[in-house]
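Notes follow once the structure below has been shown.
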Amino acid sequence: MTLPNFLIVGAMKAGTSWLSAKLDQHPDVYVAPEELHFFNDPTIRARGLDWYEARFEQAGSAHAVGEKTAGYLLGKGLLEDIDACLPGVRCIAVLRNPARRAVSQINHHIRYGESRHPGDDDWIGTGDFERIDERFAILERGRYLEQLLAYVARFGRERIHVVLNEGDIDTRPQETLAETCRFLGVDPAYEFTAAAERVHVNRNSRAGVALAARVPRLGRLISRIDRFIPGPKATPYVPTDRDREALAAHYREANRALFDWLGRPMPPGWD
């Protein structure tokens with residue numbers, strides 16, 4: 001039976017796609033090509049462990065076999081199931097400045113027609129934002145420490161590896177990948193191709209975003225098709241000064257507690 005021995009668990013919009021794409025270059029690593037949502041979507045979980053195992057048929061002789069589902073980090077009530085199905089599994093969490101991560105997630109939902117574009121208005125803290133936040137847990141996803149502590153309580157600190165977007169990926173990508181390889185037990189000397197190159201750059205058009213907003217039930221399909229169509233690109237949500245400060249204030253103490261726990265200085269880009 002081939003099941004994953006590592007998971008990239010999140011956070012959403014923090015750099016998990018970069019990490020999975022780079023690790024998959026390694027000859028001793030296999031990463032499933034899509035987010036599987038096996039442990040955080042009851043409909044998919046009902047397909048059973050045989051269905052899940054089949055997603056890793058192409059792993060061959062890879063020493064490290066994994067999948068990336070960015071929703072696992074926040075997922076409540078998942079850890080017991082993960083532990084039972086994947087004994088000994090190792091977990092990697094990619095963390096990004098939570099205020100920036102929140103803005104990126106907001107733009108994600110705008111592209112899929114799941115949220116309106118607030119334009120130039122102050123938005124954070126309004127009833128409109130709170131409805132979106134309640135549905136998609138935008139603010140909660142950035143309170144990383146409480147999520148990490150739940151993982152540590154279940155799996156132990158030695159089976160949790162933390163990668164920072166600002167502080168690791170942006171300034172030392174090759175070293176970051178080498179450290180992750182050591183965590184996974186594969187050759188850390190492997191030279192990754194285009195280690196500094198990012199993935200998932202927004203390419204959606206203004207017309208596509210507008211159409212997704214009109215037909216939100218087809219928003220994800222429209223977004224996937226639209227990114228390949230040439231034309232003027234959509235203007236992303238850019239927080240006002242007030243919104244930027246509101247997000248920073250929301251996470252300030254939580255960030256300090258996080259880096260105290262990690263035992264490393266808070267890098268530029270997190271203050």
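Calculated from DSSP H runs of 4 or more alone, at -39500 (n - 2.57) each and per residue, what is the 222 nm mean residue ellipticity of the chain, nearest 500?
Here the helix-only value at 222 nm equals -12000 deg cm²/dmol.
From the phi of every residue in the stretch 12-26, what ³J(HN,Hα) in whole Hz does the Karplus formula 6.51 cos²θ - 1.76 cosθ + 1.60 yield, where θ is phi - 60° and glycine or proline is x?
Working through the residues one at a time gives 4, 6, 10, x, 5, 5, 4, 5, 5, 5, 6, 4, 5, 5, 5 Hz.
Would you order Arg111, Arg244, Arg47 from fewest to most other beta-carbon atoms within 10 Å of each residue's own beta-carbon?
Details: Arg111 26, Arg244 15, Arg47 12.
With the fewest neighbours first, Arg111, Arg244, Arg47 line up as Arg47, Arg244, Arg111.
Taking +1 at the Cβ of each Lys and Arg and -1 at the Cβ of each Asp and Glu, which of His117, Ile82, Pro239 sits farthest along the dipole of the chain towards its positive end, judged by Cα position relative to the Cα centre?
Going by the charge dipole, the pick is His117.
Taking the DSSP beta bridges in the chain as the whole, what percent of them are antiparallel, to the nearest 5?
Restricted to the chain, the bridges split so that about 5 percent are antiparallel.
State, as an integer percentage, the relative contact order of the chain based on alpha-carbon contacts under 8 Å between residues 6 or more apart. Please list the in-between numbers first.
On the way: 404 pairs, mean separation 65.2, N = 271.
Relative contact order, the chain: 24 percent.
Might you report the magnitude of the Cβ-based charge dipole of the chain about its Cα centre, with Lys and Arg at +1 and Asp and Glu at -1, to the nearest 20 debye?
The calculation lands at about 620 debye.
Using just the alpha carbons, could you tell me how many Å³ per residue the convex hull of the stretch 6-262 encloses?
143 Å³
Just to be sure I understand: with springs between alpha-carbon atoms less than 10 Å apart, which residue in Trp18, Trp123, Trp51 has the highest mean-square fluctuation in the Gaussian network model of the chain?
Maximum fluctuation in the GNM of the chain, among the listed residues, is at Trp51.
Between Arg154 and Ala54, how high is the FRET efficiency from 1/(1 + (r/R0)^6) when r is the Cβ-Cβ distance and R₀ = 30 Å? Nearest 0.05.
In this case the efficiency is close to 0.70.
How far is helix 173-184 tilted off the main Cα axis of the chain, in degrees rounded to 10, range 0 to 90?
Roughly 50 degrees, rounded to the nearest 10.
The numbers here are math on the coordinates, done by the rules we state, and not lab data. In this text the structure is predicted, and so the values were computed from the model without any measurement. Positions of Cβ are generated from backbone atoms using ideal geometry, with glycine treated the same way; all protein chains shown enter the neighbour counts.
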